Amino acid sequence: MALFNRKKPEPVVEPRPVSVGEKDLQAAAALLPRFLAAVDDRGVRQGALAIAQAAGAPTMQEAVLAQMRTGDSGIDRPWRWLRAVGRQAHRQGDDDLVVHVVLFSLYWMLNIQPTAGLADHQDMRMDDPPADILADLYALALEALPGHDPDRIVIDHPTGTVTVDSVLVGCAAQALTLRDRLPDALVERARRYAS
């Protein structure tokens, strides 16, 4: 009977890699500090939305249509974009931008992820980061930031200042929750900074 006819599940589609150029780095360098300087919920939401839009995040309707057509909704594109921006910034020696990328990730996981619901994600056009991307971002911090002046202020916010050292310690602590996704050498480095 047609009522019980089952469709075969669609194969899982790997998202296309995100490549970034100079315009992406410039956009990230302008938007991330604005997001990190936000002092209220509205500023955080607007900042996250601006980052998602710069990354090419789909609207909810576009994500649903893309999922039906290709099997990839594209909803994690902002995180893939941020990872690509961070890697390219590190290759170019722009560790200030690396700090802002990883600090955004750290802020998301500590302050947004615990309470955000579906409507919040739709509003900001960003889902929580996939674990593999998050591990890559924490690894990037552990590779790029040691050797920098630990007391250098990265963000001077009304709620307090953030230094290179506090970003490194925070990323190290979070990296340990994903240690099965990191090389042993970086796990050891994370342990040293997190203790």
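Go through the residues of the stretch 31-44 one by one and say whether even a single one is charged (D, E, K, R), closer than 18 Å to Asp127 by Cβ and modelled with pLDDT under 95. No: the stretch 31-44 contains no residue that is charged (D, E, K, R), closer than 18 Å to Asp127 by Cβ and modelled with pLDDT under 95.
Residues that are open to solvent by 60 Å² or more (accessible area, probe 1.4 Å) and assigned to a loop (DSSP other than H, G, I, E, B): does the stretch 39-57 have at least one? Yes: one or more hits.
Please enumerate the residues belonging to the stretch 78-102 that are open to solvent by less than 20 Å² (accessible area, probe 1.4 Å) and within 14 Å of Pro129 (Cβ to Cβ). Listed by number, the residues that qualify are Pro78, Trp79, Trp81, Leu82, Ala84, Val85, Gly86, Val101, Val102.
Looking across the stretch 58-77, the residues that are open to solvent by 30 Å² or more (accessible area, probe 1.4 Å) and farther than 11 Å from Met126 by Cα come down to Gln61, Glu62, Val64, Leu65, Gln67, Met68, Arg69, Thr70, Asp72. Considering only residues that are touching a Ser or Thr at 6+ places or on another chain (Cβ under 9 Å) and part of a strand (DSSP E or B), look in the stretch 106-159 and name the one that is surrounded by the fewest Cβ atoms within 10 Å (Cβ to Cβ). Out of the qualifying residues, it is Ile153.
Output the number of residues of the stretch 160-195 satisfying the condition of being part of a helix (DSSP H, G or I), touching a residue at least 24 places away in the same chain (Cβ under 8 Å), within 15 Å of Ser105 (Cβ to Cβ) and open to solvent by 30 Å² or more (accessible area, probe 1.4 Å). Before you say what the answer is, go through the steps one by one.
The first filter runs over the stretch 160-195 and keeps only residues part of a helix (DSSP H, G or I), leaving 164-176, 179-181, 184-194.
From what is left, the residues that are touching a residue at least 24 places away in the same chain (Cβ under 8 Å) are 164, 167-172, 174-175, 181, 186, 189-190, 193-194.
From what's left, within 15 Å of Ser105 (Cβ to Cβ): 167-172, 174-175, 181, 190.
Remaining after also requiring open to solvent by 30 Å² or more (accessible area, probe 1.4 Å): 169, 174, 181.
Looking only at that region, the number is 3.
The values are calculated or read from the model by the stated rules, or taken from the named source; none is laboratory data. If you're wondering where the values come from, they're calculated on a predicted model, not measured in any experiment. Here the Cβ is made from the backbone with ideal geometry for all residues, glycine too, and neighbour counts use every protein chain on show. SASA here: full protein model, heavy atoms, side chains in, ligands and nucleic acids out. Shrake-Rupley method; radii C 1.70, N 1.55, O 1.52, S 1.80 Å.
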